[in-house]
């Protein structure tokens with residue numbers, strides 16, 4: 001009998017994995033199957049731009065099937081549960097799929113249902129998300145009518161997918177309001193559960209001062225308990241209140257519910273894995289790649305990309321009966337849009353926070369780190385083409401999977417107050 | 001990293017004052033750490049601290065507020081009352097554990 005590789009999720013990680021592995025695994029020995037609930041692969045970084053009318057819908061969606069290689073079975077269906085003891089996956093339509101190796105690549109999703117009041121009467125009237133296509137489009141319409149008041153950008157709880165996106169949205173909204181001549185009629189507030197603008201000290205300081213320069217108020221250490229819909233107020237667990245006219249929130253992010261049903265998840269439905277190999281702590285033939293695992297780095301496409309490179313090599317060793325020698329270091333890099341046609345770039349891993357300096361990019365030349373430049377903005381826009389045409393098909397991109405210190409300036413030690 | 005004296009003994013801490021070796025901690029030291037940030041420990045505080053210590057021993061990571069509430073059964077609202085303003089950080093500090101790094 002042929003060996004079965006089953007991948008749950010045809011998003012960034014799942015698509016890259018099957019494209020790379022189909023070339024490496026002998027078709028006479030291996031079947032590869034991918035399951036997803038639908039056939040629309042979104043270019044998720046594009047959602048950020050939808051509210052400002054930069055992209056149209058067709059620029060940010062492709063058929064999932066069209067991005068998969070021949071020789072891979074694509075099954076559209078909802079996963080009911082994984083049974084790690086019998087190596088089977090059951091779909092909600094009753095179909096059972098057997099596997100020798102399972103990759104969980106089902107990502108993370110915004111869950112507005114998890115915060116009291118979020119999905120109430122004001123949802124998509126004065127309360128919006130921009131991490132879904134529908135949310136970003138509804139927000140685009142709302143922004144057209146918004147000409148004064150308090151615009152509040154809010155993060156419910158970490159970790160979230162693309163942790164820089166709320167900051168980018170804030171910078172873009174500020175520039176957009178300025179362009180429309182409305183900036184002095186709008187109070188902009190950034191509400192975060194973190195102690196500052198970002199998770200790590202050097203980046204937090206840089207990004208924090210960018211918020212300050214733009215006269216954006218920051219409400220930090222704010223953990224929302226509920227939204228008072230009648231009064232249009234965010235209420236925190238320690239009873240602070242932030243009123244809003246237009247709320248752009250990032251709901252709690254959680255892994256797929258089938259992970260929880262299968263007993264494979266932590267308290268946010270993320271699969272506990274070895275952070276260097278992405279192998280499940282519960283079953284040696286299960287891996288969680290991309291946003292679905294509990295690794296302590298950003299939930300971001302770049303992490304999916306770099307970790308897939310390590311995973312694929314390790315996987316080939318594992319199925320050949322050899323020890324896995326690759327070790328993922330948590331490498332992430334992200335462009336941060338800052339408005340006015342400029343952007344920043346950050347590059348970091350488990351051990352090294354985002355620093356200033358330069359990022360050595362082959363051909364295109366060094367990109368400035370943690371600094372607003374036109375070139376970083378163009379890099380971000382160019383990435384959409386790279387995503388569809390190079391990244392997802394699993395073609396080599398000349399970026400090393402491991403983070404490098406070349407070009408980076410070391411950080412001074414920070415003393416922080418409790 | 002530096003060495004400070006707390007509860008009459010040398011303790012290794014990082015630049016923010018968090019213990020770097022969780023095994024140097026015991027409940028007397030927990031009391032001293034709490035006093036240092038103006039908290040007097042009650043039985044309710046100890047429930048949270050003991051959950052954090054046990055969970056860390058099993059998981060190798062400091063529990064987030066959500067984990068203390070869903071797995072430890074102590075509501076987030078209560079944690080804010082017990083360890084005001086920055087409960088996740090303060091709980092970890094008093095429990096002699098690293099800051100929770102679920103927040104990336």
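The values are calculated or read from the model by the stated rules, or taken from the named source; none is laboratory data. As the structure is a computational prediction, the values presented were derived from the model and not from experiment. Note that we place each Cβ from the backbone using ideal geometry, even for glycine, and neighbour counts take in every protein chain shown.
Within segment A:12-55, count every residue that is assigned to a strand (DSSP E or B) and over 29 Å from residue A:163 (Cβ atoms).
The number of residues fulfilling the criteria is 4.
Does segment A:44-51 contain any residue that is surrounded by 22 or more Cβ atoms within 10 Å (Cβ to Cβ) and touching a strand residue (DSSP E or B) at 6+ places or on another chain (Cβ under 6 Å)?
Within segment A:44-51, none of the residues are surrounded by 22 or more Cβ atoms within 10 Å (Cβ to Cβ) and touching a strand residue (DSSP E or B) at 6+ places or on another chain (Cβ under 6 Å).
Within segment A:115-130, restricting attention to residues that are touching a strand residue (DSSP E or B) at 6+ places or on another chain (Cβ under 7 Å) and not in a loop (DSSP other than H, G, I, E, B), which residue is surrounded by the most Cβ atoms within 10 Å (Cβ to Cβ)?
A:127
Do the conditions hold for residue A:315, that is, is it in contact (Cβ under 8 Å) with a residue 12 or more places away in the chain, in a strand (DSSP E or B) and touching a helix residue (DSSP H, G or I) at 6+ places or on another chain (Cβ under 9 Å)?
no
Go through segment A:321-418 and tell me which strands (runs of 3 or more DSSP E), entirely inside it, have 1 or more residues that are under 18 Å from residue A:199 (Cβ atoms), modelled with pLDDT of 90 or more and not assigned by TED's automatic domain parsing to the domain that holds residue A:296.
Per the criteria, A:332-339, A:342-348, A:367-369.
Looking at this structure, is residue A:246 closer than 30 Å to residue A:402 by Cα and at pLDDT 95 or above?
Criteria not met by residue A:246.
Looking only at residues in segment A:203-220 that are surrounded by 19 or more Cβ atoms within 10 Å (Cβ to Cβ) and within 14 Å of chain B (Cβ to nearest Cβ), which one is nearest to residue A:154 (Cα to Cα)?
Among those that are surrounded by 19 or more Cβ atoms within 10 Å (Cβ to Cβ) and within 14 Å of chain B (Cβ to nearest Cβ), it is A:204.
Can you pull out every residue in segment A:91-108 that is buried (at least 18 other Cβ atoms within 10 Å of the Cβ) and assigned to a strand (DSSP E or B)?
A:91, A:97, A:101, A:102, A:103, A:104, A:108 - these are the residues of segment A:91-108 that are buried (at least 18 other Cβ atoms within 10 Å of the Cβ) and assigned to a strand (DSSP E or B).
The conditions are (1) more than 30 Å from residue A:31 (Cβ to Cβ); (2) over 19 Å from the mean Cα position of the chain (by Cα), and residue A:166 fails exactly one of them. Which is it?
(2)
Do we have any residue at all in segment A:83-92 that's farther than 23 Å from residue A:162 by Cα and under 24 Å from the mean Cα position of the chain (by Cα)?
no
Let me confirm something: among A:277, A:249, A:284, A:297, which residue is touching a helix residue (DSSP H, G or I) at 6+ places or on another chain (Cβ under 7 Å), more than 14 Å from chain B (Cβ to nearest Cβ) and either more than 23 Å from residue A:191 (Cβ to Cβ) or in a strand (DSSP E or B) (or both)?
Just a single option satisfies the conditions, and that option is A:277.
Checking residue A:199 against (1) assigned to a loop (DSSP other than H, G, I, E, B); (2) within 11 Å of another protein chain (Cβ to nearest Cβ); (3) touching a strand residue (DSSP E or B) at 6+ places or on another chain (Cβ under 9 Å), which test does it fail?
Checking residue A:199 against (1) assigned to a loop (DSSP other than H, G, I, E, B); (2) within 11 Å of another protein chain (Cβ to nearest Cβ); (3) touching a strand residue (DSSP E or B) at 6+ places or on another chain (Cβ under 9 Å), the one that fails is (3).
From B:81, B:88, B:36, which residue is at pLDDT below 95 and surrounded by fewer than 17 Cβ atoms within 10 Å (Cβ to Cβ)?
So the residue among B:81, B:88, B:36 that is at pLDDT below 95 and surrounded by fewer than 17 Cβ atoms within 10 Å (Cβ to Cβ) is B:36.
Give A:379, A:330 a once-over and let me know the one that is over 26 Å from residue A:31 (Cβ atoms), touching a helix residue (DSSP H, G or I) at 6+ places or on another chain (Cβ under 9 Å) and either buried (at least 17 other Cβ atoms within 10 Å of the Cβ) or away from chain B (no Cβ under 14 Å) (or both).
Just a single option satisfies the conditions, and that option is A:330.
Tell me which residues, restricted to segment A:253-272, are crowded, with 22+ Cβ neighbours inside 10 Å, within 14 Å of chain B (Cβ to nearest Cβ) and in a loop (DSSP other than H, G, I, E, B).
A:265, A:268, A:269, A:270
Are any residues in segment A:132-169 within 23 Å of residue A:231 (Cα to Cα), surrounded by 21 or more Cβ atoms within 10 Å (Cβ to Cβ) and away from chain B (no Cβ under 14 Å), and if so, which ones?
Across segment A:132-169, the qualifying residues are A:135, A:139, A:151, A:152, A:153, A:154.
State the number of residues belonging to segment A:170-190 that are part of a loop (DSSP other than H, G, I, E, B) and either within 14 Å of another protein chain (Cβ to nearest Cβ) or in contact with a helix residue (DSSP H, G or I) (Cβ under 6 Å, 6 or more places away or on another chain) (or both).
So the answer is 0.
Kindly check whether there is at least one residue in segment A:25-38 that is within 19 Å of residue A:314 (Cβ to Cβ), outside the structural domain of residue A:158 (by TED's automatic domain parsing) and touching a helix residue (DSSP H, G or I) at 6+ places or on another chain (Cβ under 6 Å).
Yes, segment A:25-38 has at least one match.
What helices (runs of 4 or more DSSP H), lying completely within segment B:16-104, carry at least 1 residues that are more than 11 Å from chain A (Cβ to nearest Cβ) and touching a residue at least 60 places away in the same chain (Cβ under 8 Å)?
Those helices (runs of 4 or more DSSP H) span B:27-36.
How many of the residues making up segment B:5-15 are within 14 Å of another protein chain (Cβ to nearest Cβ) and closer than 17 Å to residue B:94 by Cβ?
Count: 2.
Mind telling me which of the residues A:209, A:204 ends up being closer than 19 Å to residue A:160 by Cα and free of Cβ contacts under 8 Å to residues at least 60 places away in the same chain?
When all the criteria are applied, what remains is A:204.
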